[in-house]
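**Q** Below are the structure tokens for one structure; questions will follow.
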Amino acid sequence: MIHVFEDRAPTLTEAQEMVGGLVELVHSPEHRDWQILVNEEGLLHGLPFNEEATKLCGTGIVGPAIVLKGTARWT
């Protein structure tokens, strides 16, 4: 449940569609130059546990996640 962008950043609308709602930006302790976008209300909506995103972020993540690398990062 991870989408990766490296060459272009998704628009806010695209990101909201991918995560299924409001977007929250979280960081990876191991990959400080990456940005990870998740559903801000994922727990409230009962989204499924995302093991892969949880490992990247070092904290519990539910629902789809988007990883932004390189020029795809939001500024």
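The values are calculated or read from the model by the stated rules, or taken from the named source; none is laboratory data. This one's a predicted model, so the numbers in the text were calculated from it and none came from an experiment. Quick reminder, even Gly has a Cβ in these numbers, built from the backbone with ideal geometry, and neighbours come from all protein chains shown.
**Q** Taking region 10-20, which residues are surrounded by 18 or more Cβ atoms within 10 Å (Cβ to Cβ) and of a type in the set (Gly, Ala, Ser)?
**A** Residue satisfying the conditions is ALA15 alone.
**Q** Taking region 56-75 only, how many residues are crowded, with 19+ Cβ neighbours inside 10 Å and free of Cβ contacts under 8 Å to residues at least 60 places away in the same chain? Step through it out loud before you land on a result.
**A** First pass over region 56-75, keeping only residues crowded, with 19+ Cβ neighbours inside 10 Å: 56-57, 61-68.
Still in the list and also free of Cβ contacts under 8 Å to residues at least 60 places away in the same chain: 56-57, 61-62.
Counting residues in region 56-75 that are crowded, with 19+ Cβ neighbours inside 10 Å and free of Cβ contacts under 8 Å to residues at least 60 places away in the same chain gives 4.
**Q** Pairs under 8 Å by beta carbon, first residue within 15 Å of VAL67 (Cβ to Cβ) in region 40-55, partner of a type in the set (Gly, Ala, Ser) and assigned to a loop (DSSP other than H, G, I, E, B), six or more apart or different chains?
**A** Listed pairs, sorted by first residue: ASN50/GLY63; THR54/GLY60.
**Q** Would you check which residues across region 27-54 are surrounded by fewer than 19 Cβ atoms within 10 Å (Cβ to Cβ), over 18 Å from GLU6 (Cβ atoms) and modelled with pLDDT of 95 or more and list them?
**A** Across region 27-54, the qualifying residues are GLU40, GLU41, LEU43, LEU44, HIS45, GLY46, PRO48, PHE49, GLU51, THR54.
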